[in-house]
Amino acid sequence: MKKFRADLHVHTVLSPCADLEMSPDKIVKQALKRGIDILAITDHNSTKQCEIVKKHAEGTGLLVVNGCEINSQEEVHAICLFEDDYTRNKFQHFLDHYLPTIPNRPEYHGHQVVVDRNNQITEYYPNYLGNPLMIDLETIEKFTHQINGLFIPAHIDRPINSLYSQFGYLATDLKVDGMQLSKYADETSIRNQYDIHSDISLITASDAHYLEDVGSSATSFYLFEPTFNEIRWALNQKNGRFVKIEP
Ligand SMILES: [Zn+2]
Ligand SMILES: [Zn+2]
């Protein structure tokens, strides 16, 4: 078993609130510089920048995972991860269907751009990605799992946009593959505060919106090899794989 450092919550230029320096090539370079082995790209309500980040990582040894940070109807943020482009596309259709058609106003929210391999803008995403989707958290979780994805409520310790700030508890019907703490949260105190049993894995991640933050917080994944399926096993504490929050 080997240790792999994973930062599973990183935004790109596509997120309205992220810095325009967050281009796919620079994100990959920064992750490698920080010793990250597994990186998930998780823009708000979109997966459209994942593919180019993966292309930049080819041959570098960095595993880039397709992801998204959804904002549910109840304004809960969660990380959804997908194994391949087929399931990522399926999820993108789901997002396109449930994102309100309210145009982005760059002067208030910032730009939402998709860039190609050469950092040329190929799309200005028209609708504001920061809005809540018109669909509830549980339905998003069920759909994510139906297409074999992973579902991880984001920054659960935060006083806004978190599972506990919006619901106050983890419903038994909601199937999570783990939960993410924000960068400075302490695992033991959060477990005690919300009575989170040890069979639910907790991870930490950078939630980077600026380049210098990529890889600034990461979780150790103990795997034989870095694959999506082993990440799934580690989060769900199966077949000897596990995760550990450690410096
Ligand atoms: Zn968030
Ligand atoms: Zn985020």
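Averaging the sequence gap over all C-alpha pairs within less than 8 Å and six or more residues apart, then dividing by the number of residues, gives the chain a relative contact order of 23 percent.
Once the Cβ-Cβ distance of Asn229 and Tyr108 is raised to the sixth power relative to R0 = 45 Å, the FRET efficiency obtained is 0.60.
For the chain, hydrophobic long helices are taken as DSSP H runs at least 20 Å long by C-alpha position along their axis with mean Kyte-Doolittle hydropathy of -0.5 or more; none is present.
Based on the Kirkwood approach, the hydrodynamic radius assigned to the stretch 2-244 is 17.7 Å, with every pair of different Cα atoms included. Sparsely packed loop sites in the stretch 145-247 (the chymotrypsin sites (Phe, Trp or Tyr not before Pro) outside DSSP H, G, I, E and B with at most 11 other Cβ atoms within 10 Å) comprise Tyr169, Tyr184. Pairs from the list Lys54/Lys90; Lys2/Lys175; Lys3/Lys238; Lys54/Lys238 with a Cα-Cα gap above 25 Å: Lys2/Lys175; Lys54/Lys238.
Where q = 0.15, 0.23 Å⁻¹, what log10 of I(q)/I(0) comes from the Debye formula for the stretch 103-156, counting one point per Cα? Taking Cα atoms of the stretch 103-156 as identical point scatterers yields -0.69, -0.93. Of Thr12, Thr47, Thr172, the residue with the greatest mean-square motion in the GNM of the chain, using alpha carbon springs below 10 Å, is Thr172. Taking loop as defined by DSSP and a crowding limit of 14 other beta carbons within 10 Å, which GluC sites (Glu not before Pro) in the stretch 1-71 fit? Within the stretch 1-71, the qualifying GluC sites (Glu not before Pro) (loop, at most 14 other Cβ atoms within 10 Å) are Glu21, Glu58. Projecting the Cα atoms of Asn66, Asn161, His111 onto the charge dipole of the chain (Cβ charges, centred on the Cα centre) puts Asn66 farthest toward the positive pole. Estimated at 0.36 nm per residue, the fully extended path between Lys3 and Asp195 surpasses their Cα-Cα distance by 66.3 nm.
The GNM of the chain, with springs linking C-alpha atoms under 10 angstrom apart, assigns the highest mean-square fluctuation among Asp96, Asp19, Asp207 to Asp96. Here the chain is treated with +1 on each Lys and Arg Cβ and -1 on each Asp and Glu Cβ, and its dipole about the Cα centre works out to around 600 debye. Pick from Ile190, Ile52, Ile38: which residue has the top mean-square fluctuation in a GNM of the chain where Cα pairs under 10 Å get a spring? Maximum among the listed residues: Ile190.
The modelled label-to-label distance between Glu75 and Ser216, using points 7 Å beyond Cα along the C-beta direction, is 2.5 nm. Values of log10 I(q)/I(0) for the stretch 104-213 across q = 0.12 Å⁻¹ run -0.57, by the Debye formula with one identical scatterer at each alpha carbon and no solvent. Amide H contacts under 5 Å for Ile41: Val65, Gly67, restricted to partners 5 or more places along the chain or on a different chain, H placed in the peptide plane at 1.01 Å from N. Comparing Cα centroids, the stretch 53-82 and the stretch 195-247 end up 13 angstrom apart.
Taking the DSSP beta bridges in the chain as the whole, what percent of them are antiparallel, to the nearest 5? About 65 percent, rounded to the nearest 5.
Taken together, the values in this text are just the output of simple stated rules run on the coordinates, not laboratory data. What you see is a predicted model; the values in this text were computed from it and never measured. All Cβ positions, glycine included, derive from the backbone under ideal geometry; neighbour counts span all protein chains shown.
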